[in-house]
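Down below is the structure, laid out as structure tokens.
Rule-based calculations on the coordinates, nothing more; no lab input. Small disclaimer: the values here were computed from a predicted structure and weren't measured. Ideal geometry is used to build each Cβ from the backbone, glycine not excepted, and the neighbour counts take in all protein chains shown.
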């Protein structure tokens, strides 16, 4: 979720701690991507939304690597998810579209800190509207990716500005399934997902599953019923 991202991103990134192992990798380095070990123990269909909590033992088992985007910001992400995100990023680069990591893994512990901080600063009503309840954010999974765009040298990460980039996202979204991603919060599914349209929020589920979900026009809630 990006609604409160600008206010918490720096703190969230500095607080991230690798759960299982770390690997320093430049986001643009194919050589680095090839060396990443893929975990077969990760549940790529783990289901987290406003009413479904992250399994209590999930974080302890989650392998994470540390990577950097083009601007040098560090993120943690599940290895296979990063491998396929980098492939997507390179494919889009060939089309003249630049996407970069903007928000990925966020621990439950960090989410609790954010809730406390924002409740004190902005009040409970603000937190209820914009901040996910700890344990109920897809960013806990390490499989969810928020991107930003770079257009004519300008970084675009504001919600409204991102939504306005219709032509760019019209080229990005059809490619997601090819690399194992789905658009997690599409238009027209708000009543099912519980979230407004977020063209920047991708979820890794694996290529086969992503194709099934995409071809059927479903969201994860519908697919897992």
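Determine by what factor the alpha-carbon radius of gyration of region 39-97 differs from 2.2 N^0.38 Å, reporting the quotient. Mind dumping the intermediate values first?
On the way: Rg = 14.3 Å, N = 59, 2.2 N^0.38 = 10.4 Å.
Region 39-97 yields a ratio of 1.38.
Can you tell me the length gained on complete extension of the stretch residue 223 to residue 175, counting 0.36 nm per residue apart and subtracting the Cα distance?
Values: separation 48, 0.36 × 48 = 17.28 nm, distance 1.94 nm.
Contour length minus Cα-Cα distance gives 15.3 nm.
Where the centroid of each part is defined by its Cα atoms, how far is region 181-199 from region 117-180 in Å?
First find each Cα centre; the distance between them is then 11 Å.
FRET efficiency for residue 122 and residue 71, Cβ-Cβ distance as r, R0 = 30 Å, nearest 0.05?
Numbers: r = 27 Å, r/R0 = 0.90.
E(calc), rounded to 0.05, equals 0.65.
Two-decimal Rg/Rh of region 105-215 from alpha-carbon positions, Kirkwood Rh? Before the final figure, lay out the partial values.
Working: Rg = 15.4 Å, Rh = 15.5 Å.
With Rh from the inverse mean 1/r over Cα pairs, Rg/Rh is 1.00.
Roughly how many nanometres apart are two label points built 7 Å out from the Cα toward the Cβ at residue 154 and residue 112?
Placing both labels 7 Å beyond Cα along the Cβ direction yields 4.2 nm.
Could you work out how much longer the chain between residue 91 and residue 207 gets when fully extended? Use 0.36 nm per residue separation minus the Cα distance between them, nm to one decimal. Intermediate values should be presented prior to the final figure.
Working: separation 116, 0.36 × 116 = 41.76 nm, distance 1.55 nm.
Stretched out fully, the residue 91 to residue 207 stretch lengthens by 40.2 nm.
Let me check I have the definition right: for region 68-133, take the eigenvalues of the Cα gyration tensor, multiply each by 5, take square roots. What are those semi-axes in whole Å, largest first? Display every interim value, and only then the final one.
Numbers: eigenvalues 201, 36, 20 Å².
So the three semi-axes of region 68-133 are 32, 13, 10 Å.
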